[in-house]
Amino acid sequence: MAYHVRQWFLLFPILMTGAGGISAADISPATAANMARNCFGCHGPDGRSPGAIPALNGKSAEFIAQSFKDFRSGERPSTVMGRHAKGYSDAEVNALAKYISSLK
Amino acid sequence: MSKLTRRDFLKLAAVAGAASALGPVGALAAAAKGGKQVVVVGGGFGGATCARHIRRADPGIAVTLIEPSKQFITCPFSNTVLGGLHKMADITRNYDTLRNKFGVNVVHDVVTTIDPAKSMISLKGGQSLKYDRLVVAPGIDFKWEAIAGYSEKASLVMPHSWKAGPQTVLLRQQLESMKNGGVVVVAPPPNPFRCPPGPYERASMIAHYLKQHKPKSKILILDAKDKFSKQGLFQAGWEKLYPGMIEWVAGSKGGTVVSVDTRRMTVQAADKHKAAVANIIPPQKAGAIAASAGLTDASGWCPVDPKTFESTIHPGIHVIGDASIAGALPKSGYAAYSEALMCAASIVAIFKGEHPGDASFVNTCYSLVGPKYGISVAGVYRITDKGISEIEGAGGVSPKEADEAFRESEARYAQGWYDSLTADVWG
């Protein structure tokens with residue numbers, strides 16, 4: 001299932017983002033964790049940023065997902081986040097936001 | 001060298017971790033329960049991340065990290081030391097947190113042999129260690145023979161400074177002692193090599209130093225390539241910050257360095273150039289231990305499964321970081337970190353007989369053109385039938401047209417990136 005989703009996403013990114021995608025439930029927790037862990041190289045261990053890059057810890061899944069989607073659309077200006085965000089479908093954004101917000 | 005029993009391993013673990021309170025406890029507890037043993041070779045961005053995140057995900061797994069140095073000096077941000085923005089202490093990390101907080105058994109020794117058939121490694125100190133899974137993260141080594149007259153000894157006169165440490169200090173000292181008006185040659189290697197934007201950030205940081213202290217000096221980049229990472233952004237930045245100071249010669253225009261003369265301080269490309277300081281960065285290959293263990297192919301790098309980073313030559317051994325052939329991922333500290341996270345998740349899942357989930361990789365690299373002028377490249381990667389591939393439409397470099405505030409933000413985020421990344425590896 002996940003493989004299909006990924007291919008579909010690659011072929012039709014506009015459709016996926018525009019249509020709101022599928023729900024986060026279709027992304028396995030392991031896959032969501034694999035995606036989300038990559039964020040912490042910039043945002044700090046478990047999102048606890050020690051420096052200039054905004055922290056993610058303590059933020060709600062809704063806030064993280066909406067920020068991500070706004071960076072992706074360009075509605076919210078960014079330096080690098082817009083470029084990253086374009087690599088994820090709505091379902092993936094929701095899943096990784098849920099994972100990040102679940103960390104203590 | 002004798003084969004190590006479990007009891008010997010415990011003794012070794014206890015001795016190696018004697019300085020820490022929690023380190024050996026974690027390793028001992030795991031070993032005592034008959035838990036799995038992972039040995040990680042190399043404590044850089046890839047190796048240290050993998051060791052940390054295996055222990056974090058499953059404290060029942062004993063992880064031993066073999067790293068010769070007690071301190072790790074990062075290549076990322078080493079150019080800022082050359083530019084005078086930072087001191088060596090700012091780019092130096094240690095293994096205390098890995099040992100004390102994550103219970104990694106850190107052993108400061110050198111791996112002499114890897115025996116895939118026996119699942120065993122030998123250390124220079126005389127011990128041998130058995131593993132259930134081995135992670136090899138040796139970084140790069142140089143093809144010294146590629147440039148006539150260049151060698152490890154020659155690098156004491158014409159530093160490569162492509163492994164951070166004494167070579168970084170040496171190049172900085174040479175810049176400090178050169179006369180105003182001299183030529184600094186920077187010679188980047190052909191692809192593939194560690195940190196694709198690195199030589200050009202280096203030229204930028206050297207220019208930053210020279211502009212303040214030796215403004216009549218020039219930087220001559222003698223390149224083996226015809227194009228380079230973030231090229232348009234670098235060149236626009238040089239024009240703005242250091243007009244007329246940096247000249248880049250492409251490989252096809254006579255840039256490729258064929259020989260050096262350390263006595264006369266000359267660098268031979270299509271023309272012979274006299275250098276006040278010569279930074280020669282030789283062509284590269286996987287770290288020596290990867291080749292001696294038979295993990296490399298004809299390219300000199302290590303072929304791996306794109307998801308788990310398990311060697312396609314020797315099952316049970318994973319190769320991560322610069323030494324691996326990682327598809328579209330560059331040889332960068334961040335890519336090594338991302339690969340290490342996926343490798344760690346895979347090893348934990350393999351031991352449990354579970355599925356590690358779909359693989360996902362990210363690269364983010366900042367370069368400083370000036371202290372307040374940052375540029376970046378980003379990429380999001382998944383596995384396709386072509387291996388690790390970059391997702392089209394995502395990633396890419398900073399916009400060509402951007403105001404000063406944007407570049408300044410990226411310079412600030414470059415520091416934030418460094419602080420966060422090193423915190424999730426060693427901090």
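Under 24 Å from B:Asp141 (Cα atoms) and in a loop (DSSP other than H, G, I, E, B) - does that describe any residue in the range B:394-417?
No: zero hits.
Within the range B:107-118, is there a residue that is closer than 21 Å to B:Gly46 by Cβ, in a loop (DSSP other than H, G, I, E, B) and of a type in the set (Lys, Arg)?
no
Is it true that some residue in the range B:24-46 is modelled with pLDDT of 95 or more, touching a helix residue (DSSP H, G or I) at 6+ places or on another chain (Cβ under 6 Å), surrounded by 18 or more Cβ atoms within 10 Å (Cβ to Cβ) and assigned to a helix (DSSP H, G or I)?
Yes, the range B:24-46 has at least one match.
Of the residues in the range B:382-406, how many are in contact with a helix residue (DSSP H, G or I) (Cβ under 8 Å, 6 or more places away or on another chain), closer than 26 Å to B:Leu85 by Cα and of a type outside the set (A, V, I, L, M, F, W, C)? Walk me through how you get there before you give the answer.
First, pick out the residues of the range B:382-406 that are in contact with a helix residue (DSSP H, G or I) (Cβ under 8 Å, 6 or more places away or on another chain): B:382, B:384, B:391-400.
Remaining after also requiring closer than 26 Å to B:Leu85 by Cα: B:397-400.
Pick out the ones that are also of a type outside the set (A, V, I, L, M, F, W, C) and you get B:398-400.
Total meeting the criteria: 3.
Run B:Ile375 past the list (1) β-branched (Val, Ile, Thr); (2) within 23 Å of B:Cys195 (Cβ to Cβ); (3) surrounded by fewer than 21 Cβ atoms within 10 Å (Cβ to Cβ) and report the number of the one that doesn't hold.
Of everything listed in (1) β-branched (Val, Ile, Thr); (2) within 23 Å of B:Cys195 (Cβ to Cβ); (3) surrounded by fewer than 21 Cβ atoms within 10 Å (Cβ to Cβ), B:Ile375 misses just condition (3).
Is it the case, given these coordinates, that B:Ala187 is over 20 Å from the mean Cα position of the chain (by Cα), within 25 Å of B:Gly333 (Cβ to Cβ) and among the small types (Gly, Ala, Ser)?
On the way: over 20 Å from the mean Cα position of the chain (by Cα): no; within 25 Å of B:Gly333 (Cβ to Cβ): yes; among the small types (Gly, Ala, Ser): yes.
Criteria not met by B:Ala187.
Would you confirm whether or not the range A:86-102 contains a residue that is more than 8 Å from every other protein chain (Cβ to nearest Cβ), acidic (Asp, Glu), closer than 22 Å to B:Asn363 by Cβ and within 11 Å of the chain's Cα centre (by Cα)?
Filtering the range A:86-102 for residues more than 8 Å from every other protein chain (Cβ to nearest Cβ) gives A:89-102.
Okay, now just the ones that are also acidic (Asp, Glu), so A:90, A:92.
Filter again for closer than 22 Å to B:Asn363 by Cβ, leaving A:92.
Pick out the ones that are also within 11 Å of the chain's Cα centre (by Cα) and you get A:92.
Within the range A:86-102, one or more residues are more than 8 Å from every other protein chain (Cβ to nearest Cβ), acidic (Asp, Glu), closer than 22 Å to B:Asn363 by Cβ and within 11 Å of the chain's Cα centre (by Cα).
Would you mind telling me which numbered condition in (1) surrounded by fewer than 20 Cβ atoms within 10 Å (Cβ to Cβ); (2) free of Cβ contacts under 8 Å to residues at least 60 places away in the same chain B:Leu241 fails?
Looking at each condition in turn, B:Leu241 falls short on (2).
Would you point out which residue out of B:Asp141, B:Asp115, B:Asp109, B:Asp132 is at pLDDT 95 or above and under 20 Å from B:Pro190 (Cβ atoms)? Step through it out loud before you land on a result.
Values: B:Asp115 fails: under 20 Å from B:Pro190 (Cβ atoms); B:Asp109 fails: under 20 Å from B:Pro190 (Cβ atoms); B:Asp132 fails: under 20 Å from B:Pro190 (Cβ atoms).
Matching residue, one of B:Asp141, B:Asp115, B:Asp109, B:Asp132: B:Asp141.
Return the only residue of B:Asp419, B:Asp403 being surrounded by fewer than 20 Cβ atoms within 10 Å (Cβ to Cβ), modelled with pLDDT of 95 or more and facing chain A (nearest Cβ under 7 Å).
Values: B:Asp403 fails: facing chain A (nearest Cβ under 7 Å).
Just one listed residue meets the conditions, B:Asp419.
Would you pick out the residues in the range B:70-94 that are touching a residue at least 60 places away in the same chain (Cβ under 8 Å) and either in a loop (DSSP other than H, G, I, E, B) or more than 20 Å from B:Pro197 (Cβ to Cβ) (or both)?
Answer for the range B:70-94, where residues must be touching a residue at least 60 places away in the same chain (Cβ under 8 Å) and either in a loop (DSSP other than H, G, I, E, B) or more than 20 Å from B:Pro197 (Cβ to Cβ) (or both): B:Phe72, B:Thr74, B:Cys75, B:Pro76, B:Phe77, B:Gly83, B:Gly84, B:Leu85, B:Met88, B:Arg93, B:Asn94.
Can you name every residue in the range A:54-72 that is part of a loop (DSSP other than H, G, I, E, B) and either buried (at least 21 other Cβ atoms within 10 Å of the Cβ) or more than 14 Å from chain B (Cβ to nearest Cβ) (or both)?
Initially, the range A:54-72 is screened for residues part of a loop (DSSP other than H, G, I, E, B), giving A:54-60.
Selection gives A:Leu56, A:Gly58, A:Lys59, A:Ser60.
What about B:Val258, is it at pLDDT 95 or above, outside the structural domain of B:Leu175 (by TED's automatic domain parsing) and at negative phi?
Details: at pLDDT 95 or above: yes; outside the structural domain of B:Leu175 (by TED's automatic domain parsing): no; at negative phi: yes.
Considered against the rule, which asks whether it is at pLDDT 95 or above, outside the structural domain of B:Leu175 (by TED's automatic domain parsing) and at negative phi, B:Val258 comes out as no.
Considering only the range B:206-223, I want to know if a residue exists there that is surrounded by fewer than 24 Cβ atoms within 10 Å (Cβ to Cβ) and under 24 Å from B:Ala323 (Cα atoms).
no
Would you mind telling me which numbered condition in (1) out of contact with any Asp or Glu (no Cβ under 9 Å at 6 or more places or on another chain); (2) crowded, with 21+ Cβ neighbours inside 10 Å A:Ala91 fails?
Single failed check for A:Ala91: (1).
This table checks each residue for (1) within 13 Å of chain A (Cβ to nearest Cβ); (2) crowded, with 24+ Cβ neighbours inside 10 Å; (3) touching a strand residue (DSSP E or B) at 6+ places or on another chain (Cβ under 8 Å).
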site	(1), (2), (3)
B:Ala298	no, no, no
B:His314	no, no, no
B:His318	no, yes, yes
B:Ala326	no, yes, yes
B:Met342	yes, yes, yes
B:His355	yes, no, no
B:Asp358	yes, no, yes
B:Pro371	no, no, no
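Of all residues being in a helix (DSSP H, G or I) and among the polar types (S, T, N, Q) in the range B:323-358, which is nearest to B:Cys75 (Cα to Cα)? Just the residue, please. Show your work before the answer.
Kept after step one, since they are in a helix (DSSP H, G or I), are these residues of the range B:323-358: B:323, B:333-352.
From what is left, the residues that are among the polar types (S, T, N, Q) are B:338, B:346.
Details: B:Ser338: 17, B:Ser346: 27 Å.
The qualifying residue nearest to B:Cys75 (Cα to Cα) is B:Ser338.
Could you pull out every one of the helices (runs of 4 or more DSSP H) wholly within the range B:188-302 that has 3 or more residues that are within 30 Å of B:Tyr373 (Cα to Cα)?
Values: elements: B:198-213, B:231-241, B:288-292.
Output list reads B:198-213, B:231-241.
Only one of (1) within 7 Å of chain A (Cβ to nearest Cβ); (2) on the phi > 0 side of the Ramachandran plot is not met by B:Gly387, so which one is it?
Of everything listed in (1) within 7 Å of chain A (Cβ to nearest Cβ); (2) on the phi > 0 side of the Ramachandran plot, B:Gly387 misses just condition (1).
The values are calculated or read from the model by the stated rules, or taken from the named source; none is laboratory data. Predicted model, so just to flag it, every value in this text is computed and none were measured. Cβ sites come from the backbone with ideal geometry, for glycine too, and all protein chains shown count toward neighbours.
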